[in-house]
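Colleague: Sharing a structure with you now.
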């Protein structure tokens, strides 16, 4: 049922033309929250003390004492999976789970800095991964379950025998890749497997359409010949049709840095981290920089000091993540990837600068490449907020739960985290921030203002960026991978309000400061966001991340900021 009305939320008045009547549901010690667009349960808040009281009411005194001791016992990492499995099994009828043991497959439990333990699952159907389907259970330090997150397909019925062979799917994907990106003779398939594609899960709707598909990962054969193109193609295993494709490239230990200068590509050479090329117009210039090398000086062809600036900023990023989050490198293990250093395999943090010879008209641009495991930049884009943005994509990629799917709302949440952390890092590194991502004067087409999103229209079509979920500017089309950049400003606006405060959309929010906002953002991204997270699920998970860290008065302001941008409302794209 739909109605017209005025809702009062935590002191914030919202005048909405359409509001759905979905309400949270209480069951025993649980509070079940549904996504208003898909009508699926996406968040479960558990009250362990109430759970104990309900269980103890049916027990003898000795049994109660035994149960209480068990609940207070500090959870061991080996016990966490059993606790999580039991919680899901006990409550499966409320969550849409039929058989925990056959539908949900766990990853290794992860213990965080607060002593909490997180167990992540992926859904499989007859042993085949369901794209974007996940569950997570979060345990307090004492071993009690505090919450769970879900994006799960209940009662899935689908045959799993393909009519299209894997080799046929690879050829279809390569042909589509060649056509879509005008890259002839360079398509390289590097991985393929069967998956279940569920339309309602992917688009966050109530659709029940599910298809068996081949997931075929295709990349251009040479990463140095153009802006990297790396796509996942989903080929119907029944008809051979291309269902869709999703990009793997995100645009926009003691530390060991390698900065590769790609200027030598102009002279038939390759991107170089510490190389002199005598047979080029610059026979004495050392291109690139490694950890033990001295600065190279101004680039002889392009001018500027992007190599040295990138080297210095990488050092700042490494220090920032270690000092603020205790994270050692983007992957939590010292860097991006292993490379030989003095004939020893060493974890290094790498970046490419001056990609202009190969990226051409796509410059100015900057990316995180999850396949090659590097960040890369055109001339003039090596700025603290831009590098912080791309580095944060890497942090999200290597989180314990795995990368988020890069489309629609999960992609927008991904971009919002990079925009916000990029600006926070800019404050850390330079002492100030303007809350405008992509601070380079060379980049104009993708600027987003977190303080006032509509003030910077999208250069592609002149439409302002949205500052709330049900804004008339919220994008519901298929360009920009479903609005991953266009719609990210809804969430980044919320985190700006959490940090700085202000009056917005009927709410008066008291700012909690950058430090509080960054800790909440880091925690929700690292431990709570699901792989296919919706805005409604993020509304609950951001509050949970706050509750883990801060008192209720702080989290009340966080809730008000999230409601101010209408993150708890039904998607304007759901009809």
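Colleague: Which order results if 116, 387 are arranged by neighbouring Cβ count within 10 Å, fewest first?
Modeller: Listed from fewest to most nearby Cβ atoms, that is 116, 387.
Colleague: Would you work out the relative contact order for the range 166-247, in percent, from Cα pairs under 8 angstrom that are 6 or more residues apart?
Modeller: Relative contact order here is 28 percent.
Colleague: What are the extents of the Cα atoms of the chain along their three principal axes, in Å, largest first?
Modeller: Principal extents (Cα only, largest first): 86, 58, 52 Å.
Colleague: Right, another one. With runs of 4+ DSSP H residues as the only contributors, calculate the mean residue ellipticity of the chain at 222 nm using -39,500 (n - 2.57) per run, divided by the residue total and rounded to the nearest 500.
Modeller: Mean residue ellipticity at 222 nm (helix-derived): -9500 deg cm²/dmol.
Colleague: Moving on. Starting at 0 and stepping by 5 Å, how many percent of the alpha carbon pairs of the range 399-575 end up in each bin?
Modeller: P(r) over the range 399-575, rounded to whole percents: 1, 9, 18, 23, 22, 16, 8, 2, 0.
Colleague: Moving to a separate point now. Antiparallel versus total DSSP beta bridges in the chain: what percent is that, nearest 5?
Modeller: Roughly 90 percent of the DSSP beta bridges within the chain come out antiparallel.
Colleague: Placing one identical point scatterer on every Cα of the range 24-151 and ignoring solvent, what is log10 I(q)/I(0) from the Debye formula at q = 0.12, 0.14, 0.16 Å⁻¹?
Modeller: -0.47, -0.64, -0.83
Colleague: Give me the percent relative contact order of the range 24-151, please, defined on Cα pairs under 8 angstrom at least 6 residues apart.
Modeller: Taking the mean separation of contacting Cα pairs over the length of the range 24-151, I get 24 percent.
Colleague: Please grab the % of Cα pairs in the range 268-324 that end up more than 18 Å from each other.
Modeller: I get 39 percent for the Cα pairs in the range 268-324 exceeding 18 Å.
Colleague: Counting other beta carbons within 10 Å of each Cβ, put 267, 368 in order, fewest first.
Modeller: 267, 368
Colleague: What percent does the relative contact order of the range 399-575 come to when contacts are Cα pairs within less than 8 Å and at least six residues apart?
Modeller: 26 percent
Colleague: Sorted from fewest to most neighbouring beta carbons within 10 Å, what does the list 92, 559 look like?
Modeller: Ranking 92, 559 by Cβ neighbours within 10 Å, fewest first, gives 92, 559.
Coordinate-derived values only; no laboratory data. What you see is a predicted model; the values in this text were computed from it and never measured. Cβ sites come from the backbone with ideal geometry, for glycine too, and all protein chains shown count toward neighbours.
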